[in-house]
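Below is one structure; the comments refer to it alone.
The values are calculated or read from the model by the stated rules, or taken from the named source; none is laboratory data. Treat the numbers as computed from the prediction; the structure is a model and nothing was measured. Backbone-built Cβ (ideal geometry, glycine too); neighbour counts: all protein chains shown. The protein model used for the area step is the full one, side chains on, heavy atoms only, and it has no ligands, DNA or RNA in it. Shrake-Rupley method; radii C 1.70, N 1.55, O 1.52, S 1.80 Å.
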Amino acid sequence: MKILMVSSEAVPFAKTGGLADMVSALSIGLAKLGHEIRIVIPRYYAVDRSSLEMLPGAMGVPVGYGCEEWSAVYTAKLPGSSKKNPITVYFIDHENFFGKDGIYGTPTEPDFLDNPRRFTFFCRAAFQLCRKIRWFPDVLHAHDWPAALAPVYLKFAERVKGSLGGFENTVSVLTIHNLGYQGIYYKDNFDYTGLGWDVFYNAGFEDWSMMNFLKAGMYSADKLNTVSPNYAEETKTQAHGFRLDGVLRYRSADYSGILNGIDTAVWNPQKDKLIPKSYSANDMSGKEAAKTALQHYFGLAEDPDLPIIGMVTRLTGQKGVGELFGPSYGCIWSICRDMKLQFVLLGSGEAWCEQEIMGLSSRLSNFRAQIGYSEDISHIIEAGADFFLMPSLYEPCGLNQMYSLAYGTLPIVRRTGGLTDTVENYDEGKGTGTGFLFDDLNPQSIYNTVGWAVWAWYNRREHIDAMRVRAMKHDFSWEKSAKKYVKMYEEASEKIL
């Protein structure tokens, strides 16, 4: 099949989170199965034009008010794709919309004022790109709210009789990576779409006198999915549905959960060039070397007998940082004071949390943190830590717990979303499991579960060693997940025939 990925992010070109990793890794997985994959993303300011190849001629993109926006198109090959079946990435270049420091916003302007127009233009440009290169996909695969208008345009403008043609047999899939982000804006932005107001109501844009990008895409796509089976079920409930649970129950016959994979060419302790020494389940000496390197980097005592708790995270409420780091409320001080362990963190996010963490780092001898993100240090943490903490309020899939399992670093996670699908709880009696799970998100639950893991470290070390081996033998590659996506594409195609 010919498959077009429409996304606001794709590694290594533009990334704010797991969406970028998933789009590129899934594309490579599908290409390995023999499908023809192309990706389209915006050309942000941070993507250097000099590393790209420009297609000849400008591209006109019809928008509202009878107007046309003009853009250039650049291309590059996706790193990691094969030479036999390479994946081309197309970059929509519009300086006013995308020539900014940030994908969705900046620290001073978290949500760009023109985001509804930026991503409306981008979704419409995806269709003009196909006409420009004379390549029409069998499947248009849109990702999250910035790409959610693509299924709307397909259904109401591009796949209808009397259109310019080329998309008559194209089907659409919308993947929901995080239901908490929906793209809700004032509905006076709708005229810019160029669609009639009948579409506003028929496509489900309306959201309490606002326009909701994701909701419209959910009504319009031929198939919907999210990134883990458990999260798919959670989102159909009021507790986790972010007011769209009714839409997902209505579309339940076309809605499923497919667990994300990880890029095993990048996240693999047997091949990882960013850690001091490679290792495997049969020879864990490389993990010991990574632990020493981690302690040295953060200025901690180089003691192999002390367990290290690691975190690589966005410092936002979704990640449970209030319960962990909240002043006079969070449990991190008690954990580091009461337990014989070390704690390292890499992350950035809300200003209050960054400030609190840096204060803790200066006051606690066994807690160290680095604000920001570093690919190198994230690999050292995953390899060198003994446990990895993810106290998420909700987690559609989660990648870090899968990275941790691959590196023999046992996750300590809340039982939610994809964390439930990937981590097996420790059984003290049998010594089985691959991590430590808890239910209620509060400081006491986090404290108790970290304490449980630390207790097992000192009192059931043979269990810890066996759990590490069991964790590292799990297969989280994209091959199985890619085949499930192919099946969903085929079902979508059958639906419109």
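If the stretch 402-461 were replaced by its equivalent ellipsoid, with semi-axes equal to the square roots of 5 times the Cα gyration tensor eigenvalues, what would those be, largest first, whole Å?
Details: eigenvalues 55, 49, 21 Å².
Semi-axis lengths for the stretch 402-461 are 17, 16, 10 Å.
Enter the Cα centre distance for the pair the stretch 266-332 and the stretch 168-199, rounded to the nearest angstrom.
40
If every alpha-carbon in the chain counts as one equal scatterer, what log10 I(q)/I(0) does Debye give at q = 0.06, 0.10, 0.11 1/Å?
Here log10 of I(q) over I(0) equals -0.28, -0.78, -0.94.
Return a whole-number percent for the relative contact order of the stretch 126-282, with Cα pairs under 8 Å and 6 or more residues apart as the contact set.
Details: 230 pairs, mean separation 31.2, N = 157.
This gives 20 percent for the stretch 126-282.
For the chain, what is the relative contact order in percent, using Cα pairs closer than 8 Å and at least 6 residues apart in sequence? Display every interim value, and only then the final one.
Numbers: 996 pairs, mean separation 60.8, N = 497.
Computed value for the chain: 12 percent relative contact order.
When a/c is below 1.5 the answer is rounded, else prolate if a/b is larger than b/c, else oblate, so apply that to the stretch 355-421 with a ≥ b ≥ c taken from the square roots of the Cα gyration tensor eigenvalues. Provide the component values of the computation, followed by the final result.
Details: a/c = 2.02, a/b = 1.50, b/c = 1.35.
In terms of gyration-tensor shape, prolate.
Helix-only estimate, please: 222 nm mean residue ellipticity of the chain, summing -39500 (n - 2.57) across DSSP H runs of length 4 or more and dividing by its residues, to the nearest 500. Mind showing how you got there, number by number?
Numbers: 18 runs with 178 residues, N = 497.
About -10500 deg cm²/dmol.
Expressed as a whole number of Å, what is the distance separating the alpha-carbon centroids of the stretch 430-497 and the stretch 374-407?
11
Solvent-accessible area of Thr434, probe 1.4 Å, all protein chains present, reported in Å² to the nearest ten, please.
In the full protein context, Thr434 sits at about 0 Å².
Starting from the Kirkwood Rh over alpha-carbon pairs, what translational D in µm² s⁻¹ does the stretch 433-479 have by Stokes-Einstein at 25 °C and 0.890 mPa s? Display every interim value, and only then the final one.
On the way: Rh = 12.1 Å.
Once the numbers are plugged in, D ends up at 202 µm²/s.
Relative contact order of the stretch 33-117: what whole-number percent is it, with Cα pairs under 8 angstrom and at least 6 residues apart? Don't jump to the answer; show the numbers that get you there.
Numbers: 121 pairs, mean separation 28.7, N = 85.
Reported as a whole number, the value is 34 percent.
Report, in listed order, any pair from Lys100/Lys215; Lys277/Lys480; Lys15/Lys319; Lys15/Lys100; Lys2/Lys84; Lys236/Lys483 with a Cα-Cα distance greater than 22 Å. Working shown, then result.
Working: Lys100/Lys215 27 Å; Lys277/Lys480 29 Å; Lys15/Lys319 18 Å; Lys15/Lys100 14 Å; Lys2/Lys84 16 Å; Lys236/Lys483 25 Å.
Table pairs above 22 Å Cα-Cα are Lys100/Lys215; Lys277/Lys480; Lys236/Lys483.
Could you give P(r) for the stretch 102-152, binned at 5 Å from zero, as whole percent values over all Cα-Cα pairs?
P(r) for the stretch 102-152, in whole percents per bin: 5, 18, 24, 21, 15, 9, 5, 2, 0.
Between the stretch 92-125 and the stretch 1-80, what is the C-alpha centre distance in whole Å?
Centre-to-centre (Cα) distance: 15 Å.
Rg(Cα) of the stretch 324-447 divided by 2.2 N^0.38 Å? Intermediate results must be reported in sequence, preceding the final value.
Details: Rg = 14.4 Å, N = 124, 2.2 N^0.38 = 13.7 Å.
Output field value: 1.05.
Considering the alpha-carbon set of the stretch 300-377 alone, what are its Rg and its Dmax in angstrom?
12.1, 34
Calculate the dipole size of the chain relative to its Cα centre from +1 charges on Lys and Arg beta carbons and -1 charges on Asp and Glu beta carbons; express the result in debye to the nearest 20. Can you show the working numbers first?
On the way: 50 positive and 57 negative charges, 217 e Å.
That gives a dipole near 1040 debye.
Can you tell me what share of the DSSP beta bridges in the chain is antiparallel? A percent to the nearest 5 is fine.
On the way: 20 of 69 bridges.
Of those bridges, close to 30 percent are antiparallel.
Roughly how large, in nm² to one decimal, is the mean projection of the convex hull of the alpha-carbon atoms in the stretch 264-350? Before the final figure, lay out the partial values.
Working: hull surface 28.7 nm².
For the stretch 264-350, averaging the hull's shadow over all directions gives 7.2 nm².
Using heavy-atom solvent-accessible surface (probe 1.4 Å) with all chains present, what is the largest-first order of Cys123, Cys67?
On the way: Cys123 0, Cys67 70 Å².
The residues order as Cys67, Cys123, largest area first.
Quick check of the Kirkwood formula: for the stretch 1-115, what is the inverse mean of 1/r over all pairs of different Cα atoms, in Å?
Numbers: mean 1/r = 0.0661 Å⁻¹.
Kirkwood hydrodynamic radius for the stretch 1-115: 15.1 Å.
For the chain, find the longest principal axis of its Cα atoms and tell me its angle to the long axis of helix 115-133, 0 to 90°, nearest 10.
That helix lies at roughly 60 degrees to the long axis.
Please give the solvent-accessible surface of Glu206 in Å², to the nearest 10, using a probe radius of 1.4 Å with every protein chain present.
For Glu206, the solvent-accessible surface is approximately 70 Å².
Each label point is 7 Å from the Cα along the Cα-to-Cβ direction; what then is the distance between the points at Tyr181 and Ile371, in nm?
2.2
With 5 Å bins from zero, work out the P(r) of the stretch 382-482 over every alpha carbon pair and list the percent per bin.
2, 14, 25, 26, 19, 9, 3, 1, 0
Which residue, Ala31, Ile92, Gly384, has the largest displacement toward the positive end of the dipole of the chain when charges sit on each Cβ (Lys, Arg +1; Asp, Glu -1)?
Value computed over the given set: Ala31.
Over the stretch 216-260, how many percent of alpha carbon pairs lie in each 5 Å bin up to the one with the longest distance?
6, 26, 32, 27, 8, 0
Taking a spot 7 Å from the Cα of Thr108 along the direction of its beta carbon, which residues of the stretch 26-55 have an amide N less than 20 Å from it?
Residues passing the 20 Å test: 45-46.
At a probe size of 1.4 Å, how large is the accessible area of Asp421, to the nearest 10 Å²?
The accessible area comes out at roughly 70 Å².
List the equivalent ellipsoid semi-axes of the stretch 184-330 in whole Å, largest first, each obtained as the square root of 5λ for an eigenvalue λ of the Cα gyration tensor. Intermediate values should be presented prior to the final figure.
Values: eigenvalues 409, 83, 48 Å².
Listed largest to smallest, the semi-axes of the stretch 184-330 are 45, 20, 16 Å.
With every protein chain kept in the model, how would you rank Tyr181, Tyr279, Tyr447 by accessible area, 1.4 Å probe, largest at the top? If you can, show how the numbers build up before the last one.
Details: Tyr181 115, Tyr279 5, Tyr447 60 Å².
Ranking Tyr181, Tyr279, Tyr447 by accessible area, largest first, yields Tyr181, Tyr447, Tyr279.
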